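J.: First the structure, which I've put down as structure tokens, then a few questions once you've had a look.
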Amino acid sequence: MLIHPNIDPVAISIGPLAVRWYGLMYLVGFAAGWWLGLRRIARGLAPVTRQQFDDLLFMAVLGVILGGRLGYVLFYKPGYYLAHPLEIFAVWQGGMSFHGGLLGVILAMAFAARRHKLAFLRLMDFVAPLCPLGIAAGRLGNFINGELYGRVTDLPWGMLFRGAGDAPRHPSQLYEFALEGLALFVLLWWFSARPRPRGQVSALFLIGYGVFRFSAELGREPDSFLGYLAFGMTMGQWLSLPMIALGVWLFARSAAETS
């Protein structure tokens, strides 16, 4: 049995100003995506210029933050925030949704594609491999905070989390770090290293993330205010199913167009 290190969620504190590890992980994620994008541009494997990429990154940041917050509000606690609308803006209290952030990025990239006269799916095929390391950084932030821990387990790597009782639990944040972050990055970076039919990289992202998230949720404790939903599945699993279905459809459509 392991014990969570109980790292102070505040990385740096200067007077009333507190910089949290979770916020720093977001910065690490965006920096990783920026660096990877520049590599692809330098190798001539991107549909955008360096100047266009800087604009895309700014819009992607807005998409992640606004979409992630609104997704949490709408998918997880609509009743609560309907009764307390001002708390929607209290992002420092926590509450972000990956699926909402994904929708935010998709909308931001659709706007960018129209603004810069780019093919939307080609743009998304470029953006998709840049995202998993950011996802990995976010899950590492969850682990540092000791939040989103897993279900009770008797496996030898079960971990005691502060505020989660006396029973060891799956370190599900690390499962997601490894699957949705590192494994998905390796898969997409390899797959996109040479030209692919339009839409296939995006499709593989949807399928890969959906499958990895659905699997990781098997060890993750569902949100206490939601519990298990229909068929014993969690909200994360239900939100991942449309991703997988859309990815399979997009991949098949792309393959049919090129056959």
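J.: Could you tell me which of rounded, prolate or oblate describes the stretch 173-259, using a ≥ b ≥ c as the square roots of the eigenvalues of the alpha-carbon gyration tensor, with rounded for a/c under 1.5 and, failing that, prolate when a/b is larger than b/c and oblate otherwise?
T.: oblate
J.: Further, regarding this structure: For the stretch 1-151, what is the relative contact order in percent, using Cα pairs closer than 8 Å and at least 6 residues apart in sequence?
T.: 36
J.: In the chain, what % of DSSP beta bridges are antiparallel (nearest 5)?
T.: 80
J.: Quick check on packing: order 137-150, 115-128 by the mean number of other C-beta atoms within 10 Å, highest mean leading.
T.: Result, highest mean Cβ count within 10 Å first: 137-150, 115-128.
J.: I want to check the label-to-label distance for His116 and Ala167. Put each point 7 Å from Cα in the C-beta direction and report it in nm to one decimal.
T.: Rounded to a tenth, the inter-label distance reads 5.0 nm.
J.: Report, to two decimal places, the Cα Rg of the chain normalised by 2.2 N^0.38 Å (N = number of residues).
T.: 1.04
J.: What residue among Gly163, Gly101, Gly199 has the largest mean-square fluctuation in a Gaussian network model of the chain, using Cα springs under 10 Å?
T.: Comparing Gly163, Gly101, Gly199 in the GNM, the peak value goes to Gly163.
J.: With contacts defined as alpha carbon pairs under 8 Å and 6 or more residues apart, what's the relative contact order of the chain in percent?
T.: Reported relative contact order: 20 percent.
J.: For the stretch 113-256, rounded, prolate or oblate, judged on the Cα gyration tensor with a ≥ b ≥ c (square roots of eigenvalues), a/c < 1.5 rounded, else prolate if a/b > b/c?
T.: Here the stretch 113-256 falls in the prolate category.
J.: May I ask you to derive the FRET efficiency for Thr258 and Ile7 from their Cβ-Cβ distance with R0 = 30 Å, giving the value to the nearest 0.05?
T.: According to the calculation, E is roughly 0.05.
J.: What does the C-alpha gyration tensor say about the overall shape of the stretch 1-128? Classify as rounded when a/c is under 1.5, otherwise prolate if a/b is larger than b/c, or oblate.
T.: Here the stretch 1-128 falls in the oblate category.
J.: With unit charges on the beta carbons (Lys and Arg positive, Asp and Glu negative) and the dipole taken about the Cα centre of the stretch 69-140, which residue among Ala110, Phe75, Ile88 sits farthest to the positive side?
T.: It is Ala110, whose Cα lies furthest towards the positive end.
J.: For the stretch 91-134 and the stretch 43-74, what is the separation of their C-alpha centers, rounded to whole Å?
T.: Using only Cα atoms, the two centres lie 5 Å from each other.
J.: About its Cα centre, what dipole magnitude does the stretch 1-154 give when the only charges are +1 on Lys and Arg Cβ and -1 on Asp and Glu Cβ, stated in debye to the nearest 20?
T.: That gives a dipole near 620 debye.
J.: Just in the stretch 175-259: which chymotrypsin sites (Phe, Trp or Tyr not before Pro) are loop by DSSP and have at most 13 other Cβ atoms within 10 Å?
T.: Phe225, Tyr228
Each value in this text was obtained by applying a stated rule to the coordinates, not by laboratory testing. Quick caveat, the model's predicted, so the values are computed rather than measured. Note that we place each Cβ from the backbone using ideal geometry, even for glycine, and neighbour counts take in every protein chain shown.
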